[in-house]
1. How big is the gap, in Å, between the Cα center of the range 83-99 and the Cα center of the range 113-172?
2. Charges on Cβ only, +1 for Lys and Arg, -1 for Asp and Glu, centred on the Cα centroid of the range 32-174; of 123, 67, 146, which one is farthest towards the dipole's positive end?
3. Along Cα→Cβ, 7 Å out, is where each label goes; now give me the distance between the ones at residue 24 and residue 164 in nm to one decimal.
4. Find the relative contact order for the range 32-174 and round it to a whole percent, using C-alpha pairs within less than 8 Å whose residues are 6+ positions apart.
Amino acid sequence: MRSAPIFLPPMTTEFDARLATSGRNFGLLALRFAIGAAILQAGLLKLFDYGTVVESMEQSGWRMPQLAAFLVTAAESLGGIGLLLGLVTPLAAMAVLAAMIDAWAVNVSGAAFWSDPFNVPFLIGFGALALLFTGAGTFSLDERLWGRDTWPRLVSVTLLVVAVAAAVATWVLLNGTNPIHLSTPAG
């Protein structure tokens, strides 16, 4: 059975039009602040204790741990700043997404694939993915500097492919293991 269409009164004033989109823009601002602050904190913790990050990556078997530590620290710090400010949001979201794919892989690589799939990197990664496709909204430097609160869909899709490719390449070249296991790895 087909439901009756929902009737929405037409927007008659500029104020009505702004009010209709303000909820979306406040939602995007809240999402940017939550994801940006969380990932910036992670990046700054790595930046201010960089030696420990390198040492940890080295002990975990990462090849070129200096490079791996630099990549994750830069992606988290710069991506977090970009998301907080809404500045080149698609690039910031791409960097955060790539870093979170690898962080998620680190978390699931030592256990069965489905033992803890919905961890912090998973959630931050999906938040970044949402911002990659929605844009920063009107309360952003993207809007102030370039007059755009969203970006063309082709930009989003291309940067999604780049994020996944960067995460896979980083993992394969610098870690060299398969993070996906259907059972807990031996050892």
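What follows is calculated from the coordinates using simple rules that are stated; it is not laboratory data. The structure presented is a predicted model; accordingly, all values stated were derived computationally and were not measured. Cβ atoms come from the backbone with ideal geometry, glycine included; neighbour counts cover every protein chain shown.
1. 6 Å
2. Farthest towards the positive end: 146.
3. 2.6 nm
4. Values: 199 pairs, mean separation 37.3, N = 143.
Reported relative contact order: 26 percent.
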